[in-house]
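Working notes, beginning with the structure itself.
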Amino acid sequence: MTQRLDGRVAVITGAGSGIGLATARRFAAEGAKVVCVDLDPETGAKAANEVGGLFIQADVTDEAAVRDLFQRAVDEYGRLDITFNNAGISPPDDDSILTTGLEAWKRVQEVNLTSVYLCCKYAIPHMQRQGKGSIINTASFVAVMGAATSQISYSASKGGVLAMSRELGVQFAREGIRVNALCPGPVNTPLLQELFAKDPERAARRLVHIPLGRFAEPEEIAAAVAFLASDDSSFMTANTFLVDGGISGA
Ligand code: NAD
């Protein structure tokens, strides 16, 4: 595999599973030193061990923990080139405006949106010192279109990620820091499998709307993240990067 990320240092949140894990593998295969961050000590440590990287157990909604994790990454590897802010949770079982409770709403905003605010806040100063960096924030296709299934708190959180990424991309472009939002379509990961296990018909309803006729594999999303992390995307920032099997174009 081409070594586009040779010598680069990358932090990945939610690296223990799904898209984060596939990206940790991809980044390592392309030569990066990977810092795997996850709330789950077992899966996170396993991922770090597999890719020969550093594991940091952290809750990305905890400001002190987020500040410390970026400092630890820089202390360990001397720099910070890439941050993939990817940790997230699925919507509550019934995520309709009429039924989603305020606490459930707040929790989704905290994990999916506030975490991205915190990770950008504490990653950017390290990148400013280098005059270069690439930040990729995981949004979703539901940030750009209404979903066939009701996902009010989840869609709102991902729309926030999109707007924040655009704003930061514009704000820090002249400092050499690129910020892009990644919008996956439905991806075959534990997050999606849990949703479909609770509501099997949801999978069929979703599939109908995907022109490519299938869900993505995490590795297909990881390939897009590696592109956004690398200099191959050097003229891209403040961008909404859809990897959705055509769902938003249909
Ligand atoms: P996943 O559940 O397989 O992995 C998420 C990881 O994040 C887990 O390892 C989990 O432990 C970790 N995590 C959760 N809360 C955390 C916290 N507070 N602090 C630290 N780590 C935490 O999910 P996935 O499908 O790989 O999703 C990754 C991202 O992609 C999420 O932001 C999700 O919303 C987004 N996304 C997923 C899909 C999909 O269909 N799977 C589609 C679009 C967007």
| said: Given the condition more than 15 Å from the ligand (Cβ to nearest atom), part of a helix (DSSP H, G or I) and either modelled with pLDDT under 95 or touching a Lys or Arg at 6+ places or on another chain (Cβ under 6 Å) (or both), answer yes or no: does some residue in the range 70-78 qualify? | reply: yes
query = Taking the stated definitions as given, is Ala216 away from the ligand (no atom under 13 Å from the Cβ) and either more than 23 Å from Cys119 (Cα to Cα) or out of contact with any strand residue (DSSP E or B) (no Cβ under 8 Å at 6 or more places or on another chain) (or both)?
reply = no
Pairs returned, first residue in the range 99-116 that is within 10 Å of Gly88 (Cα to Cα) and more than 10 Å from the ligand (Cβ to nearest atom), second residue that is among the basic types (Lys, Arg) and not in a helix (DSSP H, G or I), beta-carbon separation under 9 angstrom, 6 or more apart or interchain, are none
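Looking for something of a type in the set (Phe, Trp, Tyr) and in contact with a helix residue (DSSP H, G or I) (Cβ under 6 Å, 6 or more places away or on another chain) - is there at least one such residue anywhere in the range 46-68?
Within the range 46-68, the first condition is being of a type in the set (Phe, Trp, Tyr), and the residues that meet it are 55.
Now restrict to residues that are in contact with a helix residue (DSSP H, G or I) (Cβ under 6 Å, 6 or more places away or on another chain): 55.
Checked the range 46-68: at least one residue is of a type in the set (Phe, Trp, Tyr) and in contact with a helix residue (DSSP H, G or I) (Cβ under 6 Å, 6 or more places away or on another chain).
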In the range 162-196, anything open to solvent by 40 Å² or more (accessible area, probe 1.4 Å) and either outside any helix (DSSP H, G or I) or more than 16 Å from the ligand (Cβ to nearest atom) (or both) is listed as Arg166, Glu167, Val170, Gln171, Ala173, Arg174, Glu175, Asn188
Checked against (1) within 15 Å of the ligand (Cβ to nearest atom); (2) in contact with a strand residue (DSSP E or B) (Cβ under 7 Å, 6 or more places away or on another chain); (3) without any contact (Cβ under 8 Å) to a residue 60 or more places away in the chain, Lys33 satisfies every condition except (1)
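The values are calculated or read from the model by the stated rules, or taken from the named source; none is laboratory data. These numbers were taken from a predicted model, which means no experiment stands behind them. Cβ coordinates were reconstructed from backbone atoms using ideal geometry, including for glycine residues, and neighbour counts include every protein chain displayed. What goes into the accessible areas is simple: the full protein's heavy atoms, side chains included, and nothing from ligands, DNA or RNA. Shrake-Rupley method; radii C 1.70, N 1.55, O 1.52, S 1.80 Å.
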